[in-house]
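Participant: Take this structure first; my questions come after.
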Amino acid sequence: MKKVALVIAGLVVLILGSGLFADRSNPPVEHEVKWDSDYTKTQFMASCADCHSHETKWPWYSYVGPSAFLVAHHVEEGREHFNISVANMNEAYESAEEVEEHKMPLEDYLTMHPEAVIPPDKFEEFVAGLKKTFPPEKEGHHEEHDEHEEH
Ligand code: HEC
């Protein structure tokens, strides 16, 4: 029985320890956003930046498996779609809409980060700020965005 307990303990250590190998990199910030207001910036940094910038604050559960891989995956995918730290911010123009429709920030992120919830009395101000900072796409210009590069 002792052996079984040791094997199980060993497995638990291995599984939790595997989290150390998740990719938690914060590459250099290569781009500054021209925010319409300090409030928009502050709220974005509190609610969105962990997944949409190179300034991710990695939480403790991003260091232990298997949650480490879940977090790393969300950040990787988030940065892929929209990243304020690089010149080509990609889908930035969808920001206001995503927030307005309560698709962003991601639900499970808010469970772990109550401080990232957008205060209801600030909600409209934040959406308006996102619209000004990351103007929504004009109709009929859809194709351009994927190939768009800043020079
Ligand atoms: C926990 C990580 C996380 C947080 C926090 C987060 N996002 Fe996202 N975001 C993602 C992921 C993953 C995707 C891509 C897949 C998807 O749409 O669910 C994404 C996609 C997007 C997109 C591209 C449109 C799309 O649906 O693909 C925009 C724009 C966006 N997020 C804006 C925001 C804004 C604005 C905030 C803050 C109010 C925010 N996100 C907070 C993870 C996050």
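The values are calculated or read from the model by the stated rules, or taken from the named source; none is laboratory data. Everything numeric in this text was worked out from a predicted model, so none of it was measured. Cβ atoms come from the backbone with ideal geometry, glycine included; neighbour counts cover every protein chain shown.
Participant: Name the residue, out of Glu32, Glu101, Glu107, Glu97, that is exposed (fewer than 11 other Cβ atoms within 10 Å of the Cβ), within 12 Å of the ligand (Cβ to nearest atom) and over 14 Å from the mean Cα position of the chain (by Cα). I'd like the intermediate steps shown before the answer.
Facilitator: Details: Glu32 fails: within 12 Å of the ligand (Cβ to nearest atom); Glu107 fails: over 14 Å from the mean Cα position of the chain (by Cα); Glu97 fails: exposed (fewer than 11 other Cβ atoms within 10 Å of the Cβ).
Step by step, each of Glu32, Glu101, Glu107, Glu97 is checked, and only Glu101 is exposed (fewer than 11 other Cβ atoms within 10 Å of the Cβ), within 12 Å of the ligand (Cβ to nearest atom) and over 14 Å from the mean Cα position of the chain (by Cα).
Participant: Hey, any hits in segment 32-46 for a residue that's over 21 Å from Lys122 (Cα atoms) and either out of contact with any Ser or Thr (no Cβ under 8 Å at 6 or more places or on another chain) or small (Gly, Ala, Ser) (or both)?
Facilitator: Yes.
Participant: Of (1) out of contact with any helix residue (DSSP H, G or I) (no Cβ under 9 Å at 6 or more places or on another chain); (2) farther than 18 Å from His31 by Cβ; (3) not in a loop (DSSP other than H, G, I, E, B), Met45 satisfies all except one. Which?
Facilitator: In the conditions (1) out of contact with any helix residue (DSSP H, G or I) (no Cβ under 9 Å at 6 or more places or on another chain); (2) farther than 18 Å from His31 by Cβ; (3) not in a loop (DSSP other than H, G, I, E, B), Met45 misses (2) alone.
Participant: Now, a different point. Please go through (1) touching a helix residue (DSSP H, G or I) at 6+ places or on another chain (Cβ under 6 Å); (2) within 8 Å of the ligand (Cβ to nearest atom); (3) within 20 Å of Thr42 (Cα to Cα) for Val117 and return the number of the only condition it doesn't satisfy.
Facilitator: Unmet for Val117, out of (1) touching a helix residue (DSSP H, G or I) at 6+ places or on another chain (Cβ under 6 Å); (2) within 8 Å of the ligand (Cβ to nearest atom); (3) within 20 Å of Thr42 (Cα to Cα): (2).
Participant: Among all residue pairs at least 6 apart or on different chains, which show Cβ distances below 8 Å where the first residue, located in segment 81-102, is at positive phi and the second is more than 8 Å from the ligand (Cβ to nearest atom) and among the polar types (S, T, N, Q)?
Facilitator: Cβ pairs passing all conditions: Asn90/Asn83.
Participant: If you don't mind, there's one more thing I want to ask. Which of the helices (runs of 4 or more DSSP H) contained wholly in segment 49-151 include at least 3 residues that are of a type in the set (Lys, Arg), at pLDDT 95 or above and more than 30 Å from Ile15 (Cα to Cα)? Spell out how you get there, then give the answer.
Facilitator: On the way: elements: 49-52, 67-81, 95-100, 107-112, 123-133, 144-147.
Result: empty, no element qualifies.
Participant: Within segment 51-68, how many residues are out of contact with any helix residue (DSSP H, G or I) (no Cβ under 7 Å at 6 or more places or on another chain) and surrounded by 16 or more Cβ atoms within 10 Å (Cβ to Cβ)?
Facilitator: Matching residues across segment 51-68 total 3.
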